[in-house]
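The values are calculated or read from the model by the stated rules, or taken from the named source; none is laboratory data. The structure displayed is predicted, hence computed values, not measured ones. Counting neighbours? That spans all protein chains shown, and the Cβs are built from the backbone with ideal geometry, glycine included. Quick note on the areas: whole protein, heavy atoms, side chains included, nothing else; ligands and nucleic acids left out. Shrake-Rupley method; radii C 1.70, N 1.55, O 1.52, S 1.80 Å.
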Amino acid sequence: MSSSSQENQSKPVFLDLRNISKSFGAIEALKGINMQLFAGEVVGLMGDNGAGKSTLIKILSGNYQPTSGEMYFEGHPQQFNRPVDARTHGIEVVYQDLALCDHLTAAHNVFLGREKKRNIGPLKILDNKHMFARAGEIFAMLKSETRPRDKVKQMSGGQRQAVAIARTQLSSPQLVLMDEPTAAISVRQVSEVLGLIKRLQSEGVGVLLISHRMPDIFAVCDRVVVLRRGEKVADKHISQTSQDEVTGLITGAVERA
Amino acid sequence: MNDTSLSKAIDSQTHSFGQEIIRSQPFWVTIAAIVLCFVLSLTGTTNGEQVFFTPENFSNIALNFSFIGIIAIGMTAVIITAGIDLSVGSVMGLAGIATGLTLSSGYGVEAGIAAGILTALACGLVNGILISYIGLSPFVVTLGMLSICRSLALVVSNNKMFYEFGPDEDLFLSIGGGTHLGVANSLVVMLVLTIFLGFMLNFTAWGRHLYAIGSNESAATMTGVPVKAVKLSAYLFCSLTAGISAVMIVGWMGSVTNALGMTYELRVIASAVIGGADLMGGVGTAYGALIGSILVELIRNGLLMAGVDPYWQGTFVGLFIIFAVALEKIRSRRSG
Ligand SMILES: Nc1ncnc2c1ncn2[C@@H]1O[C@H](COP(=O)(O)OP(=O)(O)O)[C@@H](O)[C@H]1O
Ligand SMILES: [Mg+2]
């Protein structure tokens, strides 16, 4: 079915989804998805609104459990019951709504849920100095003008995006899941985000990128997977398809490829 | 100046301590409290003799606000998570009865205090589990608890007043009614709790998590914050402060009836909100709870001193709540 699996056989399989389905009551958001993600690969995930892209990402990140089907992680069957489980296996997420807390600073958002602490006697107190400094480094690395001490409340769309992406850089992830990271930001910031994806790629980090922007996908991805109404309708190496074909696959003008 | 030093300069400029303070509601409430003191010292005279600006009246104010303020500290932690605890007044009543009953049955002071505190914690545990783990609305759960605790206080006390506090009576009365270095014990407790919460909010992960939950609960969940445990702890802490306040006030008054704490929830919530805690969540400070409860008491006391019919107190406190919240809205709109 997919030509990419053959091409990528040299790389180890990082994640292997077998027959994954997810229902919300009567809604079948995902129907029997088979898909492999190879280490260090950048895969584009495309599909119309409601196709099931976010649902798939939430399964990979441990936010949802599949209704049926199995996930193999580096060859072993694996269940992610909570987001922390995915994280401990080197999977980081940038959620579509960014999952930011407006009333906290950029640095505290970056470190949310894994705050850096230091001991003062028996007390564990926040190491704010470290968190501000480290967040500053990450923003500099991302070439973002975001300031660690600013509250997220007063930030632009691009800065908020940078905060959410910076969050994935705290550990050394093996796979970063990004849900529409370029949907709500300026053109200049889009190229920044794409630059970051390329940087992750060059460091051997895999990326699963959801985007509606065809040029983004063709600029950075090795492979593109298309979902339509919860079904996988294509899984192709980027060099073996075209923007027209992918558009057709998304809308249904092209049945399968 | 290169790029990073410029941005650092901007950073420290926009985040200077002074700037932060001037932008905060507690700052303006403090100003209001000082102005109010000034006005009252001018008007608060009877036959040309100062009645407001006297040590007696000030220690009176300090006592009155501390019992409310202690609970406002706990309430602030709950409000920061975008929650509410309507049961604090009733929990205080039930805890007070538990303490009174235990002491008057001849048990020692430790047992009496433990009875009050544990009763309050049990209420907080039920509130917290129903809200965090079962997912019920804080308003409804704590409204139910308000009714339950008041009724249990009636049942347990059998509508009797407790005023004989057993073998350790003197010790118990001196805990609630005594002073330390001339400062009323309840005020000392209030100040210690303010410092404690201030420390927790600013320097611990627990504090960050309270703000994160109130700001965006689903984001907190997705990033791995132990949301349920943190919310439960906030309701436990709030009930604990109600229990502490109960023990202190019973010792100070020297008696307890099942009406203890009746309608206190209104004054407690008013104090927290006037002090800048936002019912939408994500905003609130320990100092705000302190200054908010001081201001509410100043308004009450001032009206009393000015000879205004006490029936008007609720109107003035109510107006102040609405005024404080409106002011906050206007300021946050202006700063974007
Ligand atoms: N939590 C949920 N509860 C009920 N239905 C959901 C939920 N999440 C997604 N869905 C439904 O599942 C389908 C796929 O949604 P989603 O994965 O968000 O699509 P996409 O991200 O591709 O736009 C949609 O029909 C959506 O309404
Ligand atoms: Mg989506």
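Looking at A:11, A:58, which one is free of Cβ contacts under 8 Å to residues at least 60 places away in the same chain, among the basic types (Lys, Arg) and within 16 Å of ligand 2 (Cβ to nearest atom)?
Criteria check complete, one pass: A:58.
Residue B:225 passes all but one of (1) hydrophobic (A, V, I, L, M, F, W, C); (2) closer than 30 Å to residue B:97 by Cα; (3) not in a helix (DSSP H, G or I); which number fails?
In the conditions (1) hydrophobic (A, V, I, L, M, F, W, C); (2) closer than 30 Å to residue B:97 by Cα; (3) not in a helix (DSSP H, G or I), residue B:225 misses (2) alone.
Is it the case that the stretch A:148-162 has a residue that's within 28 Å of residue A:15 (Cα to Cα), outside the structural domain of residue A:55 (by TED's automatic domain parsing) and away from ligand 1 (no atom under 16 Å from the Cβ)?
yes
Scan the stretch A:209-227 for residues that are assigned to a strand (DSSP E or B) and within 14 Å of ligand 2 (Cβ to nearest atom) and jot them down. Give the steps one after another, and end with the answer.
Of the residues in the stretch A:209-227, the ones assigned to a strand (DSSP E or B) are A:209-210, A:223-227.
If the condition is that a residue be assigned to a strand (DSSP E or B) and within 14 Å of ligand 2 (Cβ to nearest atom), then A:209, A:210, A:227 are the ones that fit.
Can you tell me which of (1) part of a strand (DSSP E or B); (2) of a type in the set (Gly, Ala, Ser); (3) within 15 Å of ligand 1 (Cβ to nearest atom); (4) surrounded by fewer than 22 Cβ atoms within 10 Å (Cβ to Cβ) is the one residue A:44 doesn't meet?
Residue A:44 satisfies all of (1) part of a strand (DSSP E or B); (2) of a type in the set (Gly, Ala, Ser); (3) within 15 Å of ligand 1 (Cβ to nearest atom); (4) surrounded by fewer than 22 Cβ atoms within 10 Å (Cβ to Cβ) except (4).
Any idea which of A:153, A:117, A:143 is touching a strand residue (DSSP E or B) at 6+ places or on another chain (Cβ under 7 Å) and open to solvent by 10 Å² or more (accessible area, probe 1.4 Å)? Reasoning before the result, please.
Values: A:153 fails: touching a strand residue (DSSP E or B) at 6+ places or on another chain (Cβ under 7 Å); A:143 fails: touching a strand residue (DSSP E or B) at 6+ places or on another chain (Cβ under 7 Å).
Being touching a strand residue (DSSP E or B) at 6+ places or on another chain (Cβ under 7 Å) and open to solvent by 10 Å² or more (accessible area, probe 1.4 Å) holds for just one of A:153, A:117, A:143, which is A:117.
In the stretch A:43-54, what count of residues is obtained for those that are under 12 Å from the mean Cα position of the chain (by Cα) and either β-branched (Val, Ile, Thr) or near ligand 2 (Cβ under 8 Å from one of its atoms) (or both)? Walk me through it before giving the result.
The first filter runs over the stretch A:43-54 and keeps only residues under 12 Å from the mean Cα position of the chain (by Cα), leaving A:43-45, A:53-54.
From what's left, either β-branched (Val, Ile, Thr) or near ligand 2 (Cβ under 8 Å from one of its atoms) (or both): A:43, A:53-54.
Adding up the residues that qualify gives 3.
From (1) without any contact (Cβ under 8 Å) to a residue 24 or more places away in the chain; (2) polar (S, T, N, Q); (3) open to solvent by 60 Å² or more (accessible area, probe 1.4 Å), pick out the condition that doesn't hold for residue B:151.
Among (1) without any contact (Cβ under 8 Å) to a residue 24 or more places away in the chain; (2) polar (S, T, N, Q); (3) open to solvent by 60 Å² or more (accessible area, probe 1.4 Å), the lone unmet condition for residue B:151 is (3).
Quick one: what pairs do we get from the stretch A:131-152, first residue within 10 Å of another protein chain (Cβ to nearest Cβ), second among the basic types (Lys, Arg) and assigned to a helix (DSSP H, G or I), C-beta under 7 Å, 6+ apart or different chains?
A:152/A:160
Do the conditions hold for residue A:183, that is, is it touching a Phe, Trp or Tyr at 6+ places or on another chain (Cβ under 9 Å) and either within 16 Å of ligand 2 (Cβ to nearest atom) or in contact (Cβ under 8 Å) with a residue 12 or more places away in the chain (or both)?
Details: touching a Phe, Trp or Tyr at 6+ places or on another chain (Cβ under 9 Å): no; either within 16 Å of ligand 2 (Cβ to nearest atom) or in contact (Cβ under 8 Å) with a residue 12 or more places away in the chain (or both): yes.
So residue A:183 does not fit the description; no.
Please specify each residue of the stretch A:45-77 satisfying the condition of being among the small types (Gly, Ala, Ser) and under 18 Å from residue A:181 (Cβ atoms).
Residues of the stretch A:45-77 that are among the small types (Gly, Ala, Ser), as a first pass: A:47, A:50-52, A:54, A:61-62, A:68-69, A:75.
Within the stretch A:45-77, A:47, A:51, A:54, A:61 meet the criteria.
Based on what the data block shows, is residue B:173 assigned to a helix (DSSP H, G or I), open to solvent by 60 Å² or more (accessible area, probe 1.4 Å) and closer than 18 Å to residue B:243 by Cα? Break it down into steps so the answer makes sense when it comes.
Values: assigned to a helix (DSSP H, G or I): yes; open to solvent by 60 Å² or more (accessible area, probe 1.4 Å): no; closer than 18 Å to residue B:243 by Cα: yes.
When the stated conditions are applied, residue B:173 does not pass them.
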